[in-house]
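*Asks:* Before anything else, here's the structure in question.
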Amino acid sequence: MANENLSAAKKAKKDEFYTQYQDIEKEMTAYLEYDPDVFRGKTILLPCDDPEWSNFTKYFAQNFERFGLKKLISTSYAAESKNFEGFCQPTLFETSDPQFDQDKTNVKGKIFTLTGDQTGDKRVNVDDLEWHYLQGDGDFRSDEVRRLRDEADMVITNPPFSMFQEFLAWILEAGKKFVIIGSMNAITYKNVFPLIKNDNIWLGNGFQGGNAYFSTPFAEDYGSGVYYPESGLVKFRNVHWFTNLDHGRRHQPLPLMTMADNLKYSRHQEIRGKASYDRYDNYDAIEVPFTDAIPSDYDGVMGVPISFLDKYSPEQFIVIGCDYNVKEGLLPELVVASWKGKLDRGYVNNKRLYSRILIKHRRENKS
């Protein structure tokens, strides 16, 4: 249900989701634990944001001195340029400011910047943010925001789900470090998967228990079982952090059992008690339906769920490809040549499976 609603949000472009402070803190802590100076001396841009509501802005402003930031830039998208009506009432923060302009408030984006103590209280926090209206509506594709991107060292935000691919390309075009949120299905996109396969980008530390909770002005559109009225939050399981910042979790090897032990002791009924692992009808590989059922002693190609990438360690595994990309010609030539029959996905006993990542163990002196 949650995944269906995420797709519906993309289709309707009702994708105004606000990330919780504790989720941002948990994710950034993973990068800080790996490298305490990861943000030191850096200019961070938070685009596709609403600085007055954004927990990203609050988090980095509150930790400006502790992280040793050089500059924080946060931009918003003009209310009338968004793909929905309503939710355009200016806040008291804006209307009480001498620079408030009734003609600009709904048609111009805003920029908030933080460079140091502006209030004279000898500490740096959200009270030191300075703001003004942008010349345009704040669209990240504008020349105005593009210049801010070029000035920054890192881009960190939760972009609209409907624009994830375009937004990622916009970041990478400038060669920036980034941490952004997107659908797990983005893993299979033809312009995203090669980046993951080549270890140019990877999944971040992740949401607690794999559950992401966001606030949104469209809570009523997300049905029972997804929207929680007592908290005002919408729950998704099919989203993750994407990044090119390193963190310790991605270097932790996955503990595995041998194939024989999996077939005998696996907690999964689909594995336990079988004579062997299933093989694909149309490719020479075994089907491993659960990440924790990857056999430690199998040297051939294995098909695993895309959620495997949440546990992927580049020191332990080699990512060969994705069955979703076979017909796109995005797999190595030898892999495509050995794919027989149907090319849309992997099949077992003539049953089409959900998208799979193709992997091998990384062994010394083995290809």
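Derivation of every value follows stated rules applied to the coordinates shown; laboratory data play no part. It should be emphasised that the depicted structure is a prediction, and the values quoted were computed from it without experimental measurement. Using ideal geometry, Cβ is built from the backbone for each residue, glycine included, and neighbour counts are taken over all protein chains shown.
*Asks:* Mind listing the phi-derived Karplus ³J(HN,Hα) values for the stretch 122-135, rounded to whole Hz, using 6.51, -1.76 and 1.60 with θ = phi - 60°, and x for any glycine or proline?
*Replies:* 6, 8, 10, 7, 4, 5, 9, 5, 10, 9, 7, 6, 6, 6
*Asks:* Here is a further query. Provide the packing ranking of 164-170, 127-133, i.e. peptides ordered by the mean count of other C-beta atoms within 10 Å per residue, highest first. Write out the running numbers ahead of the final one.
*Replies:* Working: 164-170: 17.9, 127-133: 16.1.
So the order, starting with the most tightly packed, is 164-170, 127-133.
*Asks:* How big, in percent, is the set of alpha carbon pairs in the stretch 259-361 lying more than 15 Å apart? Please report the intermediate quantities before stating the final value.
*Replies:* Numbers: 3130 of 5253 pairs.
Here the tail beyond 15 Å accounts for 60 percent of pairs.
*Asks:* Between R363 and F100, what length comes free when the chain is fully extended (0.36 nm per residue of separation minus the Cα-Cα distance, one decimal in nm)? Working shown, then result.
*Replies:* Values: separation 263, 0.36 × 263 = 94.68 nm, distance 6.26 nm.
Length gained between R363 and F100: 88.4 nm.
*Asks:* Please give me the summed charge of the neighbours of R40: other residues whose Cβ is under 12 Å from its Cβ, Lys and Arg +1, Asp and Glu -1. Before the final figure, lay out each step's value.
*Replies:* Numbers: positive: K42, R66, K70; negative: D35, D37, E65, D153.
The answer is -1.
*Asks:* Given K108/K176; K71/K176; K176/K235; K26/K311; K42/K108, which pairs have Cα atoms separated by over 23 Å?
*Replies:* Working: K108/K176 26 Å; K71/K176 15 Å; K176/K235 30 Å; K26/K311 17 Å; K42/K108 27 Å.
Cα-Cα > 23 Å for K108/K176; K176/K235; K42/K108; rest within.
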